[in-house]
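Chemist: Following this message is one structure expressed as structure tokens.
The values are calculated or read from the model by the stated rules, or taken from the named source; none is laboratory data. This structure is a prediction, so every number in the text was calculated from the model and none was measured. Here Cβ is always computed from backbone atoms with ideal geometry, including for glycine, and neighbour counts include all displayed protein chains. Side chains are part of the model used for accessible areas, which takes the heavy atoms of the whole protein and leaves out ligands, DNA and RNA. Shrake-Rupley method; radii C 1.70, N 1.55, O 1.52, S 1.80 Å.
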Amino acid sequence: MDEDELQSLTLNPTPPNDPPPPPPPSILPIPPPIAPLPVPRSRTVTAVASDSDREGSLPPPRTDDYEISDESRLARERHEKAVQDLLLKRRAFAMAVPTNDVSVRARLRRLGEPVTLFGEREMERRDRLREIMLKLDSEGQLERLLKAHEEEQQAITAPAEDEGPQVYPFFTEGTQDLLDARMKIAKYSLVRAAARLERARRRRNDPDEDEETESMEVVRQAGELVLECSEIGDDRPLTGCSFSHDGTLLATCAWSGITKIWRMPQVSKQATLKGHTERATDVVFSPVDDILATASADRTAKLWKSDGSLLKSFDGHLDRLGRIAFHPSGKYLGTASFDKTWRLWDIDAGTELLLQEGHSRSVYAVCFHPDGSLAASCGLDSLVRVWDLRTGRSILAMEGHVKPVLGICFSPNGFRLASGAEDNTCRIWDLRKRKCEYTIPAHSNLISQVKYEPQEGYFLATSSFDTKAVVWSAQDFKPIKTLSGHESKVTGLDITADGQHIATVAHDRTIKIWSSRSNGKQKAMDIE
């Protein structure tokens with residue numbers, strides 16, 4: 001007997017009377033352990049899990065174990081807002097919006113919205129309708145949209161009635177003072193226009209009158225302009241200048257807010273006008289007497305005597321002023337402002353007659369027709385608008401400049417208008433044809449001022465920030481003379497009534513007087 005068998009018998013003795021053990025059952029495969037369901041935690045643990053249970057089951061994560069930072073929350077909000085905006089845009093572009101402007105106006109009217117806003121164009125109006133429809137749809141007012149659509153369909157299918165086009169009044173009721181002023185301007189302009197036309201007919205039919213020869217002589221004299229005098233005008237840059245109606249006085253204004261009056265031709269100081277609290281932007285003499293007006297960035301215009309005494313102050317603009325101009329009658333003053341309006345003032349009463357809107361951006365300059373019937377305005381919206389002062393209507397809106405227009409001037413013949421802009425060009429507009437007649441590539445920098453020769457309009461002059469002023473022929477628009485001498489930006493110019501002198505002012509603080517040589521020769525002959 002082996003030792004192993006002996007040991008097994010000793011450890012597991014078998015009773016002698018027991019039957020033999022049954023054969024061992026067949027071994028079945030053991031299924032894999034199943035992870036127990038998670039049991040909520042409690043303070044007392046009733047059962048101890050086995051090792052296999054601990055390894056196969058982990059407690060699920062809890063949301064209160066994580067903290068979301070403010071940056072993550074803001075990023076999530078931005079993302080949600082961007083997704084919402086994108087969905088709204090998709091929804092908006094998926095909406096059926098009319099493309100015809102008449103239909104767009106009709107739907108806006110049926111929705112109770114303004115048919116058009118000031119300065120709004122067709123595409124902008126259609127986009128506004130799309131936004132309104134999207135807003136109504138998002139607010140659950142779909143029935144209102146469907147009702148408007150049904151009304152449109154009924155209006156289309158309904159038989160047309162012979163009532164004629166519906167006319168809506170578009171005007172602002174004015175005061176009695178404005179009505180009286182319009183009547184006076186109409187009477188004044190009719191007389192002036194008749195005299196101008198009669199003179200033109202007489203000159204055309206008179207065999208002794210040779211307009212072409214006369215214009216060539218005037219242009220030749222303008223080509224002989226030379227620098228006669230240069231004077232320091234102020235401690236700060238100069239912004240504008242103006243001759244009196246007889247050419248004996250010259251007024252200049254500067255950033256210091258001070259306006260000075262100089263005797264001509266010696267350019268000796270006669271008076272100093274102090275009253276503005278901000279920089280002065282323009283100065284202009286009356287066409288009938290020796291009073292003058294100044295404009296400033298302090299939102300006011302002031303009326304002065306030539307001796308320096310203040311007469312009136314015109315307050316009302318909401319932003320700084322640009323250029324100003326006297327009406328040819330001398331009874332009214334026009335002021336342009338960065339509050340998008342230009343205004344007409346009564347000189348005698350010192351009251352505001354007209355507040356004229358119409359530009360979508362700041363208005364920079366205003367000027368009047370030689371007859372006094374029309375006014376022109378220009379501004380930062382790159383438009384030149386012509387207004388009928390007798391009716392208040394905007395009769396022309398001339399588009400062509402691609403940058404802000406800073407200077408305008410009517411020609412003495414009455415049917416041309418010159419404009420200078422930041423696009424470095426000077427455009428000549430024909431009011432009879434209602435279009436641009438010629439474009440002068442005048443300077444290498446923006447044009448700050450444009451002026452016609454006041455007597456016959458045979459030439460015009462432009463000043464620019466390229467430190468130069470140029471004289472141009474009004475017949476073929478060729479350059480006649482370049483006035484070079486300033487060391488900085490030329491901000492303004494003016495021409496005497498006889499066309500023999502031109503004054504320019506610049507940021508170099510100097511006044512320069514340019515005179516024709518033939519004028520000097522004529523004076524010498526008169527002295528002899």
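Chemist: Kindly indicate the residue of segment 405-422 that is out of contact with any Cys (no Cβ under 9 Å at 6 or more places or on another chain) and touching a residue at least 40 places away in the same chain (Cβ under 8 Å) and also farthest from Ser337 (Cα to Cα) among those meeting that condition.
Modeler: Looking only at segment 405-422, we keep the residues that are out of contact with any Cys (no Cβ under 9 Å at 6 or more places or on another chain), and these are 411-416, 422.
Filter again for touching a residue at least 40 places away in the same chain (Cβ under 8 Å), leaving 411-414, 416.
On the way: Ser411: 24, Pro412: 26, Asn413: 28, Gly414: 25, Arg416: 24 Å.
Within segment 405-422, the match that is farthest from Ser337 (Cα to Cα) is Asn413.
Chemist: Quick one: in segment 258-285, of everything that is out of contact with any Asp or Glu (no Cβ under 6 Å at 6 or more places or on another chain) and part of a loop (DSSP other than H, G, I, E, B), which residue is surrounded by the fewest Cβ atoms within 10 Å (Cβ to Cβ)?
Modeler: Gln266
Chemist: Kindly evaluate Leu396 against the criterion of being surrounded by fewer than 20 Cβ atoms within 10 Å (Cβ to Cβ), modelled with pLDDT under 95 and more than 28 Å from Val288 (Cα to Cα).
Modeler: Values: surrounded by fewer than 20 Cβ atoms within 10 Å (Cβ to Cβ): yes; modelled with pLDDT under 95: yes; more than 28 Å from Val288 (Cα to Cα): yes.
So Leu396 fits the description; yes.
Chemist: What number of residues within segment 424-448 are of a type in the set (D, E, K, R) and open to solvent by less than 30 Å² (accessible area, probe 1.4 Å)? Give the derivation first.
Modeler: If we filter segment 424-448 for residues that are of a type in the set (D, E, K, R), which is where we start, we get 427, 430, 432-435, 437.
Next cut, open to solvent by less than 30 Å² (accessible area, probe 1.4 Å) only: 430.
Looking only at that region, the number is 1.
Chemist: Would a scan of segment 484-491 turn up a residue that is among the β-branched types (Val, Ile, Thr) and modelled with pLDDT of 95 or more?
Modeler: From segment 484-491, those among the β-branched types (Val, Ile, Thr) are 490-491; that's our starting set.
Now drop any that are not modelled with pLDDT of 95 or more, which leaves 490-491.
Checked segment 484-491: at least one residue is among the β-branched types (Val, Ile, Thr) and modelled with pLDDT of 95 or more.
Chemist: Just to be sure, is Ala195 part of a helix (DSSP H, G or I), open to solvent by 40 Å² or more (accessible area, probe 1.4 Å) and modelled with pLDDT under 90?
Modeler: Against the criterion (part of a helix (DSSP H, G or I), open to solvent by 40 Å² or more (accessible area, probe 1.4 Å) and modelled with pLDDT under 90), Ala195 does not qualify.
Chemist: Here are the criteria: (1) open to solvent by less than 80 Å² (accessible area, probe 1.4 Å); (2) modelled with pLDDT of 90 or more; (3) farther than 30 Å from His507 by Cα. Tell me which single one Gly174 does not satisfy.
Modeler: Unmet for Gly174, out of (1) open to solvent by less than 80 Å² (accessible area, probe 1.4 Å); (2) modelled with pLDDT of 90 or more; (3) farther than 30 Å from His507 by Cα: (2).
Chemist: Another one. Suppose we keep only residues that are free of Cβ contacts under 8 Å to residues at least 60 places away in the same chain, in a loop (DSSP other than H, G, I, E, B) and in contact with a Gly (Cβ under 8 Å, 6 or more places away or on another chain) within segment 357-368. Which one would you say is most open to solvent (accessible area, probe 1.4 Å)? Before the answer, list the steps.
Modeler: Of the residues in segment 357-368, the ones free of Cβ contacts under 8 Å to residues at least 60 places away in the same chain are 358-359, 361-368.
Subset that is in a loop (DSSP other than H, G, I, E, B): 358-359, 361-362.
This time we only want the ones that are in contact with a Gly (Cβ under 8 Å, 6 or more places away or on another chain), so: 359, 361-362.
Details: His359: 5, Arg361: 125, Ser362: 20 Å².
Among them, the one singled out is Arg361.
Chemist: Moving on to the next point. In the list Ser473, Ser463, Ser484, which residue meets the criterion of being closer than 21 Å to Thr239 by Cβ and in contact (Cβ under 8 Å) with a residue 40 or more places away in the chain?
Modeler: Numbers: Ser473 fails: closer than 21 Å to Thr239 by Cβ; Ser484 fails: in contact (Cβ under 8 Å) with a residue 40 or more places away in the chain.
Criteria check complete, one pass: Ser463.
Chemist: Looking only at residues in segment 411-423 that are under 21 Å from the mean Cα position of the chain (by Cα) and farther than 16 Å from Val366 by Cα, which one is least open to solvent (accessible area, probe 1.4 Å)?
Modeler: Applying the first criterion (under 21 Å from the mean Cα position of the chain (by Cα)) to segment 411-423 yields 418-423.
From the residues that got through so far, the ones that are farther than 16 Å from Val366 by Cα too are 422-423.
Values: Glu422: 67, Asp423: 32 Å².
Filtering first and then ranking leaves Asp423.
Chemist: Sticking with this structure for a sec: If you scan segment 286-296, which residues turn out to be of a type in the set (S, T, N, Q) and part of a loop (DSSP other than H, G, I, E, B)?
Modeler: Within segment 286-296, Ser286 is the sole residue that qualifies.
Chemist: Could you grab me the full set of residues in segment 353-375 that are touching a strand residue (DSSP E or B) at 6+ places or on another chain (Cβ under 7 Å) and within 16 Å of Ser286 (Cα to Cα)?
Modeler: Val366, Cys367, Phe368, His369, Pro370
Chemist: Give me the pairs: first residue in segment 281-305 and without any contact (Cβ under 8 Å) to a residue 24 or more places away in the chain and among the basic types (Lys, Arg), second residue in a loop (DSSP other than H, G, I, E, B) and open to solvent by 20 Å² or more (accessible area, probe 1.4 Å), beta-carbon distance under 8 Å, and six or more apart or on different chains, which are they?
Modeler: Within 8 Å, the pairs are Lys305/Asp290; Lys305/Ile291.
Chemist: Condition first: aliphatic (A, V, I, L, M), crowded, with 20+ Cβ neighbours inside 10 Å, touching a residue at least 24 places away in the same chain (Cβ under 8 Å) and assigned to a loop (DSSP other than H, G, I, E, B). Can you find one or more residues in segment 343-356 that meet it?
Modeler: The answer is yes, given that some residue of segment 343-356 is aliphatic (A, V, I, L, M), crowded, with 20+ Cβ neighbours inside 10 Å, touching a residue at least 24 places away in the same chain (Cβ under 8 Å) and assigned to a loop (DSSP other than H, G, I, E, B).
Chemist: What residue, among those in segment 294-340 that are out of contact with any Lys or Arg (no Cβ under 8 Å at 6 or more places or on another chain) and among the basic types (Lys, Arg), is most open to solvent (accessible area, probe 1.4 Å)?
Modeler: Lys305
Chemist: Check Ile511, Ile527 and return the single one that is at negative phi and at pLDDT below 95.
Modeler: Details: Ile511 fails: at pLDDT below 95.
Step by step, each of Ile511, Ile527 is checked, and only Ile527 is at negative phi and at pLDDT below 95.
Chemist: Let me ask something else about it. Scan segment 354-378 residue by residue and report those that are aliphatic (A, V, I, L, M) and modelled with pLDDT under 95. Before the answer, list the steps.
Modeler: The first filter runs over segment 354-378 and keeps only residues aliphatic (A, V, I, L, M), leaving 354-355, 363, 365-366, 374-376.
Within segment 354-378, Leu354, Leu355 meet the criteria.
Chemist: Looking at Leu431, Leu446 in this structure, which one is of a type outside the set (D, E, K, R), over 16 Å from Ala365 (Cβ atoms) and in contact (Cβ under 8 Å) with a residue 40 or more places away in the chain? Break it down stepwise before answering.
Modeler: Working: Leu446 fails: over 16 Å from Ala365 (Cβ atoms).
Every option except Leu431 fails the conditions.
Chemist: Sort out for me the strands (runs of 3 or more DSSP E) sitting completely within segment 399-492 that have 1 or more residues that are in contact with a helix residue (DSSP H, G or I) (Cβ under 8 Å, 6 or more places away or on another chain). Working first, answer last.
Modeler: Numbers: elements: 405-410, 416-421, 426-430, 435-440, 447-452, 459-464, 468-473, 479-484.
So the answer is 459-464, 468-473, 479-484.
Chemist: Could you check segment 323-356 and list, in sequence order, the residues that are of a type in the set (S, T, N, Q) and within 14 Å of Ile291 (Cα to Cα)? I'd like the intermediate steps shown before the answer.
Modeler: As a first pass, look at segment 323-356 and keep what is of a type in the set (S, T, N, Q): 329, 335, 337, 341, 351, 356.
Once the filter is applied, which keeps residues that are of a type in the set (S, T, N, Q) and within 14 Å of Ile291 (Cα to Cα), segment 323-356 yields only Ser329.
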